[in-house]
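The values are calculated or read from the model by the stated rules, or taken from the named source; none is laboratory data. Just so we're clear, the structure is a prediction, and the values are computed from it rather than from any experiment. In this analysis, Cβ positions are derived from the backbone assuming ideal geometry, glycine residues included, and neighbour counts consider all displayed protein chains. For accessibility, only protein heavy atoms count, side chains too; no ligands or nucleic acids. Shrake-Rupley method; radii C 1.70, N 1.55, O 1.52, S 1.80 Å.
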Amino acid sequence: MVHPGSIVILDFGGQYAHLIANRVRRLGAYSEIRVAETPAEELKTAAGIILSGGPQSVYDPNSPQADRKIFDLNIPILGLCYGHQWIASVLGGRVAPGKTKEYGSTPLEVMKPGHLFKGLPKKFTVWMSHGDEVVELPLGFDQSAASFGCKYAAFADEERKIFGAQFHLEVTHTEHGMEILEKFVMLCEPTPWSVESFEERIGNQIKKEVGQKKVFMLVSGGVDSTVAFTLLNKVLGAERVVGLLVDTGLMRKNEVRMIQEAFKELGITNLHVEDASEEFFRNLKDIYEPEQKRKIIGQTFLDVQRRVSEKMGLAGGQWPVASSNAGKSHKPQATSHVPSDQWLLGQGTIYPDTIETGGTKHADHIKTHHNRVDAVQKMIDAGLVIEPLKELYKDEVRHLAEELGLPHALVWRHPFPGPGLGVRILCAQKADEAHHADAPVHTPHAVLPVRSVGVQGDGRTYRHALALFSDRPCHITDEHLRLATTIPNTNPALNRVLLCTSRPDVPVFTFTPGYLTRERADLLREADAIVHDEMTKAGLYEKIWQFPVVLLPFGTRSGGPTSASATAGGQSIVLRPIVSTDAMTANAMPVPEKVLQVMTDRLCQLDGIDLVFMDLTNKPPATIEWE
Ligand code: XMP
């Protein structure tokens, strides 16, 4: 049974359900996500239901189906995109492939305002992403709005309070989207939800889940695990919580010291710091494939955690863990027995971490998060893991952090991926030349000899980046930004567009083979610290969501004879500042010319860096990180 008075989002896949849930909460209503097939019986206590979008066609025989009895519950229902089409198809209307496929901003015209469009302008812009469309309405429904390519862009049965919208009103590109959602939410009369009550609510949940057990918590250095650890300490008391911070060698400059000091200020002393960097670099030797790197980092975490927990006399050393040669194996061998001890493993997982792993039933696999590698998943399935923040979004975690009294600089530090700099150091044995990648642009340009991850549609792509060169290298123009959108849309071999900020002309690239080494991590750490410093000085650091700094294995002159040689030159830096509200979608942030110039000059002075690029691509089509 769902929480009484909640607004339930039935998840039809894609990445929309969490975005909607987050928006509903920001409107002050409690929201929960459930799989699309949840029986209506379990939804009886809900105040309203929102049916999410999803990547499939409703007439596909394997498409996800909700329980039709939800229409008998007598509560307001809103279908979005796939949800909109599903309502039409099961209530007797008809859905067909659209004559025009609409992707992106589209003008909408309101025909009959009804409840959801009351008081809004007659015409405004919405965000569409669909191939199919509703072509016939079910009995009892009226057309509410139309777009150029879609006659029934919105419909309603005002009496039964059932609504549908083909467009994504949950994304910021849709004008008045939040107002429409708010009108629906208010109609549901839901249980109020306020960030002020987080500490108490999550505290109660922790007490319930942990019972009489104790928690062993891995603290990564990021705000999420720091908040989770602080909260566990507060709720359970220091004697029932032990923290372990594994220094992976892949952390930001001075990160470990900063965390230790923050906890000291709060009187938290039960954090053990283990320097395992040697082990991480050893396991990552000769590893070049991004997903394998990620898995190895996750596995090594678990190995270290087991070793340290044994050493500390915790849990009788009975954690299900990865095989000892985790470094080379894709398949972790979790021990089959469940620990009899009274310990749980704590993690700082938040909502987006679970969705991007395909954590909800219909979401496509996009990438593996280190806190969802096989061995951890097995522990989760066995009920051995507590993730107090797994329902929260970053903005909510930050609220909680302030409530808990964590220092400002730590709370507002940009999110940092679990595998740390490991996903920001591209590794390759040889140049990955693009054979069919180019773009019809008039500015000087070159395709880079590496590939990176992108997200196109609901799936993951692994493609080349195109670098543009200009006479005024640090000056980002509207034309550059336009090209960053159009090039990946029109060239299937490319998913990113960069601007070279360190020189005006196209050089001859020289490839430097490299895997993950301490030298490369140190070099990137310095580069990252320079960027942090310049962004802070310019007052821009807290204005943006994240600023990954990425190291690429090529430059303009040949590197040293071994991959470990970072000082011989031959590497490049990519600057990836983005603005976002939840990391699901993101826009590249054009750094002002002066700031970019100073940053570039300082980066070029680092021994080992030949070139600097600025990534101008939005997400989608590119992901925030490069791997
Ligand atoms: P992408 O690159 O998928 O990133 O656009 C979305 C957000 O997730 C973070 N990220 C990760 N976090 N483990 C994590 O804990 C990971 O493997 C991982 N990969 C990406 C990324 O920094 C961004 O905030």
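Values for this structure:
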read-out: Number of the exception - residue 291 against (1) assigned to a helix (DSSP H, G or I); (2) closer than 17 Å to residue 404 by Cα; value: (2)
read-out: Pairs where the first residue, in the stretch 575-589, is in the same structural domain as residue 599 (by TED's automatic domain parsing) and farther than 20 Å from residue 499 by Cβ and the second is open to solvent by less than 10 Å² (accessible area, probe 1.4 Å) and among the polar types (S, T, N, Q), C-beta under 9 Å, 6+ apart; value: 581/22; 582/22; 584/22
read-out: Qualifying positions in the stretch 444-492 - assigned to a helix (DSSP H, G or I), touching a residue at least 60 places away in the same chain (Cβ under 8 Å) and open to solvent by 30 Å² or more (accessible area, probe 1.4 Å); value: 481, 485, 489
read-out: Only listed residue being at positive phi and among the acidic types (Asp, Glu), chosen from 189, 278, 274; value: 189
read-out: Residue 440 vs. criteria outside the structural domain of residue 202 (by TED's automatic domain parsing), open to solvent by 10 Å² or more (accessible area, probe 1.4 Å) and out of contact with any His (no Cβ under 8 Å at 6 or more places or on another chain); value: yes
read-out: Residue list for the stretch 575-590, restricted to those being part of a strand (DSSP E or B) and within 13 Å of the ligand (Cβ to nearest atom); value: 578, 579, 586, 587, 588
read-out: Filtered residues of the stretch 197-238 (kept if acidic (Asp, Glu), more than 16 Å from the ligand (Cβ to nearest atom) and touching a residue at least 40 places away in the same chain (Cβ under 8 Å)); value: 199, 209
read-out: Strands (runs of 3 or more DSSP E) wholly inside the stretch 94-189 that include at least 2 residues being open to solvent by 20 Å² or more (accessible area, probe 1.4 Å) and within 13 Å of residue 80 (Cα to Cα); value: 123-136
read-out: Residues within the stretch 503-545 that are in a loop (DSSP other than H, G, I, E, B) and either outside the structural domain of residue 476 (by TED's automatic domain parsing) or closer than 17 Å to residue 420 by Cβ (or both), tallied; value: 3
read-out: Matching residues in the stretch 591-627 - criterion: being within 21 Å of residue 514 (Cα to Cα), within 16 Å of the ligand (Cβ to nearest atom) and open to solvent by less than 10 Å² (accessible area, probe 1.4 Å); value: 626, 627
read-out: Test: residue 383 is in a loop (DSSP other than H, G, I, E, B), at pLDDT below 90 and either over 21 Å from residue 493 (Cβ atoms) or within 16 Å of the ligand (Cβ to nearest atom) (or both); value: yes
read-out: Which numbered condition residue 284 fails, given (1) more than 20 Å from residue 349 (Cβ to Cβ); (2) open to solvent by 10 Å² or more (accessible area, probe 1.4 Å); value: (2)
read-out: Filter pass, residue 558 being at pLDDT below 95, away from the ligand (no atom under 13 Å from the Cβ) and open to solvent by less than 50 Å² (accessible area, probe 1.4 Å); value: no
read-out: Any pair with Cβ under 7 angstrom, 6 or more apart, that starts in the stretch 368-382 at a residue that is small (Gly, Ala, Ser) and ends at one that is more than 7 Å from the ligand (Cβ to nearest atom) and at pLDDT below 65; value: 375/320; 375/321; 375/322; 375/332; 375/334; 382/338
read-out: Strands (runs of 3 or more DSSP E) (entirely within the stretch 8-81) containing at least 2 residues that are open to solvent by 10 Å² or more (accessible area, probe 1.4 Å); value: 31-35
